[in-house]
Structure formats: C-alpha cells, structure tokens
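Contents: one structure, followed by commentary.
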Amino acid sequence: MQTIRENALQEINEATTLEQLQQVRNTYLSKKGLVSSLMKQMKDLSNEEKPLFGQKVNELKNELEEAYQIKQAHLQQEALNQRLEKERIDITLPATPLKVGQLHPLMMVWRALEDIFREMGYNIVEGNDVDTDFYNFERANIPQDHPARDMQDTFYIDMEHLLRTHTTAIQTRALEMYAPHLPIKVVCPGKVYRKDDDDATHSHQFMQMEGLVVGMNITLADLKGTLELLVRSMFGQERVIRFRPSYFQFTEPSVEVDVSCHVCDGKGCSVCKQTGWIEILGAGMVHPAVLEMAGYESQEGLSGFAFGVGIERVAMLKYGVSDIRQFYTNDQRFLEQFKRFE
Ligand code: PHE
C-alpha cells in the first residue's frame, strides 16, 4: 500500500500535461486500477483485520483523489494561461485604417434645406419619380399642346406616364391631398428629369425642392421673407435677395429670385459674372386656376406662394463646384472633400 501511495503521488507530481495526469488516474484510481485491486486482497485477511484494511485503502483512495484534483486544477490553470498568452493581442500595433463613409454632398444640402423648413413648421411630402402627364402638366395649368411644354423636354414612358420634369408635380398632388383644408405648409424634395444634353451646368437628372404655402392672405412679402431666411441659412446672414419678373404657368405673378453673391459679397466676381447677383430659384403666387383644379373654391383672401429650388444649384454655389456632372460620377477624390462639411 505504501509503495502504491508513493509511486502514485510521485507520478501525479511529475505529470506535466492533463493527458499524463489522466493516465496516472487510470492506473491507480479507475475501477481496474491498483487501489481497487488492493480491495481484492481483503478475502485473504482475517475478520479482525478486514475493517482496518478497508479503512486504510479508503484513506489512500481519498488522499490520491485529492492530490489528483489539486494537480488537475493546477494544470488546467496553466493550460489557460498558456492559451491566453498565445492569443494575446498587441493593441499597441497600428490598426488598418477603416474607410468611413459620409453623406453625399447633395444629400447634405437636401437635409439642410429640409431642416430649415421643418423648423418653420413645414411638413415634408414626397412623390413618385414616375408620374402622370396630368399632375406634372395639366394640374400645373400647362394644357396639352401648350408651347410651355417645350420649356421642359420630357421623358415620356407612354402617352400618359412620364418622368416628372419638376417637383411641381408633387405640389399639385399635395394640393389635391389637402383640399379643402387650410393652411398648407409643405416642402416637396425629389429627383426630376429632363431631356437635356449633359454639360457643366445641365443634367438630364437633377433634384429640386418645392415649397408650397396656401392660406388666408398669404402675400409676396411672405414669400420674400421665407426665401430670405432660406438663403441666409445656406449662404450666410449678410445675403439679400431680389425679385425679377418672370413667367411660369402655375404662378401669377411669377418671379426669378437672385441672391447677392456670397463669394464677392455683391462686388462682382467670376462666380456672379461681375453682376453681384446669382440667380437661384423660380417662385411666385400660386395661380388661382391651380388651386381651383385641386379642389379649392376661390374665396376672398385665399392665396398661396410656391417656389422651386435646385438642390445641385445650391450645392454648386455653396461648395464652389463648377461642373454638375461631378455629383454623379462618384469619384471618391471629389466626394471625400465634403467630409469636413458634415
Ligand atoms: N417648376 C419650376 C421649374 O422647375 C420652378 C417653380 C416652382 C417656379 C414653383 C415657381 C413655383 O422651373
């Protein structure tokens, strides 16, 4: 018994891996192991000797089991330490730089415009890029065969459907949706399409944001105040605007809006072609026929204004981009420069 004890303790002590330790356990402590085999010698002992012998064998078994457990815990800890050491990550190594994206400059302007109007209590209404001739033209007071249709060369899908040529198509739908309720205060952003030849200032696809306010006693002065706020948020608090007479079928009177040049502060430079002014958007008082067609009965004092601003145009002026096609060719070297404006 003593020999078994010494050998077992020594082997447990010398085991350097969990596998080796398991081997030792099998040799001594398993059912067919050396300690169990001691029990078989019981039958050769006298009745007086048997209890003492049994007790000794049990004590040996417990002692070896405990030594095994302690050693096992020790080896497990050691194995874990080794693994942690092996899998250790050197966090001081320089990381591979991640490319972080950013909003497209047009999206930045789109959202900035939306924010300006949301703050003033406007709702945002969007529509479908494919719309009907009816909402794009007829409801905007541009009847079939009217020469004004030539101003906007249109992509037709069939006789009835087209790619909207202006966000005024959303305006006419918004009017119909709200009629006969007042007041209406909405902005309608979206893509528009025209059969233009692409060059530095034209694109067959671009974006507009339409503004529409209808209520009692809305005046041109309200329009002017609203647009002044718009250009000051986008181009600086010193900007002023001026109205020039213009013509649109869906507004009367109609105006072309100029903003004082933000590059030279109105003194004259290449951006404003030495005039001090930059043409920025079209606007006017909503034509009574447009209101009527949408379902508003004409009444004393009922009036509204509308404007349509080009998102690319604002972005080009704001960021000094001279070719509209840059917004659509997705050259990373171009796009990455807008990170600092986010
Ligand atoms: N729809 C006009 C255009 O695309 C812009 C506009 C909108 C003008 C609303 C007046 C009022 O040119």
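The values are calculated or read from the model by the stated rules, or taken from the named source; none is laboratory data. All values reported here derive from a predicted model rather than from experimental measurement. As a convention, Cβ positions derive from the backbone with ideal geometry for all residues, glycine included, and neighbour counts pool all protein chains shown.
Just a few scattered comments:
- Taken over the stretch 52-79, residues that are in contact (Cβ under 8 Å) with a residue 40 or more places away in the chain and either outside any helix (DSSP H, G or I) or closer than 20 Å to Thr17 by Cα (or both) amount to 8.
- Between Gly304, Gly282, Gly276, Gly268, the distinction of being under 23 Å from Asp199 (Cβ atoms) and of a type in the set (Gly, Ala, Ser) belongs to Gly282 only.
- When Met316 is tested against (1) assigned to a strand (DSSP E or B); (2) within 34 Å of the chain's Cα centre (by Cα), just one condition goes unmet, and that condition is (1).
- Subset of the stretch 298-342 (residues that are touching a Pro at 6+ places or on another chain (Cβ under 7 Å), surrounded by fewer than 17 Cβ atoms within 10 Å (Cβ to Cβ) and in contact (Cβ under 8 Å) with a residue 12 or more places away in the chain): Tyr319
- Inclusion of Glu210 among residues that are in contact with a strand residue (DSSP E or B) (Cβ under 9 Å, 6 or more places away or on another chain), without any contact (Cβ under 8 Å) to a residue 24 or more places away in the chain and under 20 Å from Arg118 (Cβ atoms) is not warranted.
- Options Ser246, Ser322, Ser298, Ser233: the member that is in the same structural domain as Gln171 (by TED's automatic domain parsing) and either within 16 Å of the ligand (Cβ to nearest atom) or in contact with a strand residue (DSSP E or B) (Cβ under 7 Å, 6 or more places away or on another chain) (or both): Ser246
- Matching residues, the stretch 129-154, being of a type in the set (S, T, N, Q) and either free of Cβ contacts under 8 Å to residues at least 12 places away in the same chain or exposed (fewer than 14 other Cβ atoms within 10 Å of the Cβ) (or both): Gln144
- Condition check for Gly268: over 36 Å from the mean Cα position of the chain (by Cα), more than 29 Å from Gln171 (Cα to Cα) and in the same structural domain as Glu114 (by TED's automatic domain parsing): yes
- Just one of (1) loosely packed, with under 12 Cβ neighbours inside 10 Å; (2) among the basic types (Lys, Arg); (3) over 60 Å from the mean Cα position of the chain (by Cα) fails for Lys99. It is (3).
- Residue in the stretch 56-67 that is among the charged types (D, E, K, R), closer than 30 Å to Ile184 by Cβ and surrounded by 12 or more Cβ atoms within 10 Å (Cβ to Cβ) present: no
- Identity of the residue in the stretch 190-227, of a type in the set (A, V, I, L, M, F, W, C) and away from the ligand (no atom under 14 Å from the Cβ), that ends up farthest from Thr168 (Cα to Cα): Ala200
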